[in-house]
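This structure is in C-alpha cells; I'll ask about it shortly.
No lab work stands behind these numbers, since they all come straight from the coordinates. Worth saying up front: this structure is predicted, and the values here are computed from it rather than measured. Note that we place each Cβ from the backbone using ideal geometry, even for glycine, and neighbour counts take in every protein chain shown.
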Amino acid sequence: MAVQSPDIAILGGGIGGLATAAFLHRAGLSSTVYEQAPELKELGAGIMVAPNAARLIRRLGVIDVFLRQAVRLDVGWEFRRWQDGSVLSAENLTTECSRLYGEQTYTAHRADLLDVIKAAVPEGTIKLGRRGVKLDDGDRPALLFEDGERIEPDVLIGADGVHSVVRQSLADATPARYSGMCAFRALVPADQAPPFARRPAQTLWIGPARHLVHYPVLGGRFVNLVACAPAGDYSVESWTATATVEEFRAEFEGWDPRLRDLIRAAGTPGRWALLDRPPLRRWSRGTVTLLGDAAHPMFPFFGQGAAQAIEDAAVLAACLAEDGTDPARALRRYEALRMPRTNRLQEVSHGRSHINHLPDGPEQEARDKSFADSDPLVANGWIYGYDPDVAMSA
C-alpha cells in the first residue's frame with residue numbers, strides 16, 4: 001500500500017535538516033528543505049561520528065561516500081594530564097567498537113558529512129536563499145519568508161539551529177543562561193602537527209577550568225582542535241565568530257609545551273560562547289515540531305550534537321511514515337520517543353564540564369585514578385548502542 005505523503009516543509013539545510021529529508025525519502029515521503037544560505041555549506045571544522053551516527057549513515061546507503069574522507073579511529077577517550085601529557089587512560093576502538101556496537105568510530109569534517117547526507121536527498125528537494133522570519137498560528141502552520149512569500153505545509157519541521165525561528169514561535173523556552181565557558185575550534189595542517197596529534201586517535205587534555213580535544217580529519221590531512229575555556233566577558237554565540245591564535249594559546253599558558261606548539265600552528269580559530277539552555281517541556285504543537293539543536297542544544301562534551309539530530313531525523317521520518325493520515329499524532333509520538341534520550345544527553349553533557357575541569361587536588365587525583373578502572377565504551381553503551389528501529393518497536 002502506498003504511503004500517503006503530507007506536504008512536509010523543513011526549515012534549515014544543515015545536517016539535521018538534510019538527514020530528515022533523506023530519511024523521509026527513504027520512507028517514501030517527499031519534503032522540501034528551505035535553507036537561508038545561498039549555497040549549502042557547513043561551518044565549523046571536525047566532528048566525531050560515533051557508532052550510533054555511523055549506523056544511520058550506513059542505513060541511508062551512503063557509507064561508502066562517507067569513508068572516502070572519514071578517518072577511522074584506533075584510539076578514543078585518551079585522557080592526558082594538562083601539565084605533561086601523561087596518559088591517564090585510553091580505549092582501544094579498533095576491535096571493541098565493532099564487537100560492542102557493530103560499527104566503528106570515525107572523525108570527519110562537518111562539510112564532508114553534510115555532503116554525504118546530501119547525497120541521499122533527491123534532486124530538487126532543497127531551496128536555497130530562503131530565510132524564514134515568522135511562524136503564524138492557525139489551523140495549518142504558516143511560515144513567512146524574508147522575501148514575503150508564505151507557505152502553509154501540512155507539517156513544518158524546525159531544524160534551524162539554536163537561534164531557531166520555529167522554536168521562538170513554538171516553544172515555551174526559558175532564556176538561555178550564560179555558562180561562563182566558551183569554545184575554540186581550529187584546523188592544523190598535519191605536516192605542521194606533532195606525531196602524537198596525527199595518530200587516528202581522539203585525545204582529551206584535561207586540566208583546571210579547561211580541556212582540549214584533538215583528532216585527525218579530512219583523510220588525515222588536518223588535525224582538528226576543539227577546546228573549552230573560561231569565557232570571561234565573551235558572550236558571542238556564533239559559529240562565524242573568530243579569535244586569534246594568540247588568544248587561543250594564552251588560554252593554555254603553562255600547559256604541556258607540545259600542546260601549545262600544536263595551537264600555534266592553527267589558522268584563524270573560531271570562538272563562541274557556550275550558552276546554557278535547559279531541556280524544553282515540549283517540542284511540538286499541532287503539526288509543527290523541532291529537531292536537532294532547535295529542540296535540544298547541548299554542550300559539546302560528548303560529541304553527540306549532530307548524532308542526535310540524525311537520530312531525530314530517523315525517528316521523525318518513521319513516525320510520519322507509520323501515521324501519515326494524522327501528522328499531529330505522529331509528531332507527538334516522535335516527541336515522546338526522543339525527548340527522554342536527548343534530555344538525558346543534555347544533562348550529562350552539562351555535568352561533564354565539572355569532571356573535565358577539576359583543579360589539581362584530592363578530587364582531581366581521585367578522578368584520574370578512576371580512569372584506570374573505567375570503560376567509557378561500555379559505560380556509554382546507552383548512547384552508542386541506540387537504534388531508532390528498536391526504539392520504534394519498543
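Once the piece of chain linking LYS369 and SER235 is laid out straight, how much longer is it, given 0.36 nm per residue of separation minus the C-alpha distance between them?
Net length gain for the segment: 44.7 nm.
Using alpha-carbon pairs under 8 Å, 6+ residues apart, how would you state the relative contact order of the chain in percent?
Relative contact order comes out at 22 percent.
Hey, another quick one. If a/c stays under 1.5 just call it rounded; otherwise compare a/b with b/c (prolate if a/b is bigger, oblate if not). Do that for region 1-71, with a ≥ b ≥ c from the square roots of the Cα gyration tensor eigenvalues.
Because a/c hits 1.5 or more and a/b fails to exceed b/c, region 1-71 counts as oblate.
Between LYS127 and SER98, what is the label-to-label distance in nm when each label sits 7 Å out along the Cα-to-Cβ direction?
With each label point 7 Å from Cα toward Cβ, the separation is 4.6 nm.
Take the Cα of THR268, step 7 Å along the line toward its Cβ, and report every residue of region 222-239 whose backbone nitrogen sits under 16 Å from that point.
Backbone N within reach: 238-239.
Amide H neighbours of ARG80 under 5 Å, at least 5 residues apart or on other chains, H built in the peptide plane: list them.
It is LEU88, LEU204, TRP205, ILE206, by chain and number.
Can you give the helix-only mean residue ellipticity at 222 nm for the chain, where every DSSP H stretch with n ≥ 4 adds -39500 (n - 2.57) and the sum goes over all residues, rounded to the nearest 500 deg cm²/dmol?
-10000 deg cm²/dmol
Continuing with the same structure: For a quick check, take a GNM of the chain with Cα springs below 10 Å and name the residue from ALA120, ALA108, ALA241 with the largest mean-square fluctuation.
The residue with the greatest mean-square fluctuation here is ALA241.
Now, a different point. From Cα pairs below 8 angstrom and at least 6 apart in sequence, can you work out the relative contact order of region 212-351, rounded to a whole percent?
Once normalised by length, the contact order is 19 percent.
If packing is taken as the average number of other Cβ atoms within 10 Å across a peptide's residues, how do 366-374, 138-146 rank, most packed first? Each step should come with its number before you reach the end.
Numbers: 366-374: 12.2, 138-146: 15.9.
Top of the packing list down: 138-146, 366-374.
Using Cα positions and a limit of under 17 Å, work out the aspartates and glutamates in reach of LYS369, with same-chain residues fewer than 8 apart set aside.
Answer for LYS369, where 17 Å is the Cα cut-off: GLU78, ASP84, GLU91, ASP360, listed by chain and number.
Answer with one residue from MET339, THR325, GLN304: the one whose Cα lies farthest towards the positive end of the charge dipole of region 274-394, charges on Cβ with Lys, Arg +1 and Asp, Glu -1.
Comparing the listed Cα positions along the dipole, THR325 ranks first.
Now for a different question. Which one, GLY138, SER374, HIS357, is farthest towards the positive end of the dipole of the chain when Lys and Arg carry +1 and Asp and Glu -1 on their Cβ?
So the residue furthest toward the plus end is SER374.
Right, another one. Taking the Cα centre as origin and putting +1 on Lys and Arg beta-carbons and -1 on Asp and Glu beta-carbons, what dipole magnitude results for region 212-333, to the nearest 20 debye?
Roughly 260 debye for region 212-333.
What are the ³J(HN,Hα) couplings of region 55-72, residue after residue, when phi is run through the Karplus curve with 6.51, -1.76, 1.60 and θ = phi - 60°? Round to Hz, x for glycine and proline.
4, 7, 4, 4, 5, 6, x, 10, 5, 5, 5, 4, 6, 5, 10, 5, 10, 7
Now, a different point. Set Lys and Arg Cβ to +1 and Asp and Glu Cβ to -1, take the dipole of the chain about its Cα centre, and tell me which of HIS211, PRO230, LEU262 lies farthest positive.
LEU262
Another question, if that's okay. Got a sec? How would MET392, MET298, MET181 order by Cβ neighbour count within 10 Å, fewest to most?
By the 10 Å Cβ count, ascending, the order reads MET392, MET181, MET298.
Restricting to region 56-205, compute how many DSSP beta bridges are antiparallel as a %, nearest 5.
If we restrict to bridges inside region 56-205, about 75 percent are antiparallel.
Are there trypsin sites (Lys or Arg not before Pro) in region 228-314 that DSSP marks as loop and that have at most 12 other Cβ atoms within 10 Å, and which are they?
Within region 228-314, the qualifying trypsin sites (Lys or Arg not before Pro) (loop, at most 12 other Cβ atoms within 10 Å) are ARG281.
Of the beta bridges DSSP finds with both residues in the chain, what % are antiparallel, to the nearest 5?
Taking every DSSP beta bridge within the chain, about 75 percent pair in antiparallel fashion.
With a 10 Å Cβ neighbour count serving as the proxy for reagent exposure, in which order, fewest first, do HIS214, HIS354, HIS296 appear?
Exposure proxy ranking, most exposed first: HIS354, HIS296, HIS214.
Which angle between 0 and 90 degrees, to the nearest 10, do you get for helix 305-322 versus the longest principal axis of the chain when only C-alpha atoms count?
20
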